[in-house]
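A short write-up of the structure that comes next.
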Amino acid sequence: MKINYVKNYADLSEKASASIIQSVKEKSDLLFCAATGGSPTGMYAHMHQAHVAHPSLFSAMRTIKMDEWGIIPSEHPDSCESYLKKHLLGPLDISEDRYFSFDPNLKDYQSECNRVQQYIEQEGPMDICILGLGKNGHIAFNEPGDYLQAPFHKAILAESTIQHDPTLSQGAEPAFGLCVGMEGILQAKKIIFLITGKGKQEAYKTIMEKKITTNCPATFLWMHPNVECYVDQEAI
């Protein structure tokens, strides 16, 4: 993992987007696994600026959604689907035929998991995987625990994760999400790992100890040969 210390969130967003843009120039139809949340928002804005300047830049890029909250519908304003439409798919003019999505609220969620896993196996490995850092060390919805799951799967969410939206806890079952598993993440050709935002200091310290533990899933990124980690110094 290559650690890049940057002065602030704006610097992080600019440098991470520049890395992605360079990769797209080298392989126009790359498969891009898109994270959501506050960490990549500024990066996506820079990508949009590049698209405005060069409209053909992302015209072949393929995108797959990394994860999605359960219980709330996909059209909910706080869903990952709504976020990506607002910050990535719309701004970069990613057409429907170049976007692979999924719905965690189907009755047969296991079939949905199998469908996504099959897509990753057939179309992957992913060329670029974007990751933020959870306060408890999770990446995607791969939460700390006794073990981690390799394939795309249903994940029960930790309390610190569901603080994102109170509605996530209002269903008849524990809050959950669907997400890319550790296998899909670690097989990606390049990972852009963004460490920024409030409350990430303890998770960051654990990562920097370079001890691989399921109690902090992000530590597994030390095992990947091509991780660009951007650390917002104002956040740590």
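The values are calculated or read from the model by the stated rules, or taken from the named source; none is laboratory data. These numbers come from a predicted model, not from an experiment. Don't worry about glycine lacking a Cβ; one is built from the backbone with ideal geometry, like all the others, and counts go over all protein chains shown. Calculation scope for accessible area: heavy atoms of the full protein, side chains included, ligands and nucleic acids excluded. Shrake-Rupley method; radii C 1.70, N 1.55, O 1.52, S 1.80 Å.
Worth pointing out:
- Screening region 1-71 for strands (runs of 3 or more DSSP E) wholly inside it with 3 or more residues that are under 24 Å from residue 101 (Cβ atoms) returns the ranges 31-34, 62-65, 67-69.
- Qualifying residue in region 95-113 (condition: crowded, with 19+ Cβ neighbours inside 10 Å and aliphatic (A, V, I, L, M)): no
- Filter result for residue 130 (within 15 Å of the chain's Cα centre (by Cα), among the aliphatic types (A, V, I, L, M) and farther than 18 Å from residue 218 by Cβ): no
- Residues that are part of a helix (DSSP H, G or I) and touching a residue at least 40 places away in the same chain (Cβ under 8 Å) within region 98-116 comprise 109, 110, 112, 113, 116, listed in sequence order.
- For region 1-41, the tally of residues that are in contact with a helix residue (DSSP H, G or I) (Cβ under 9 Å, 6 or more places away or on another chain), open to solvent by 60 Å² or more (accessible area, probe 1.4 Å) and under 18 Å from residue 126 (Cα atoms) stands at 1.
- Of all the residues in region 54-99, those that are more than 14 Å from the chain's Cα centre (by Cα) and modelled with pLDDT of 95 or more number 23.
- Of the helices (runs of 4 or more DSSP H) lying entirely inside region 123-226, those carrying at least 2 residues that are aliphatic (A, V, I, L, M) and under 29 Å from residue 29 (Cα atoms) are 182-187.
- Check on residue 163, surrounded by fewer than 16 Cβ atoms within 10 Å (Cβ to Cβ), among the polar types (S, T, N, Q), under 24 Å from residue 107 (Cα atoms) and modelled with pLDDT under 95: no
- Leading residue by the ranking (nearest to residue 22 (Cα to Cα)) among those in region 117-150 that are touching a residue at least 40 places away in the same chain (Cβ under 8 Å) and of a type in the set (Asp, Glu): 127
- In region 114-130, the qualifying residues are those that are touching a helix residue (DSSP H, G or I) at 6+ places or on another chain (Cβ under 8 Å) and crowded, with 21+ Cβ neighbours inside 10 Å, and the one that is farthest from residue 35 (Cα to Cα) is 120.
- Neighbours by Cβ (under 6 Å, 6+ apart or cross-chain): first from region 58-86, closer than 21 Å to residue 28 by Cα; second part of a loop (DSSP other than H, G, I, E, B) and open to solvent by 40 Å² or more (accessible area, probe 1.4 Å): 60/28; 60/29
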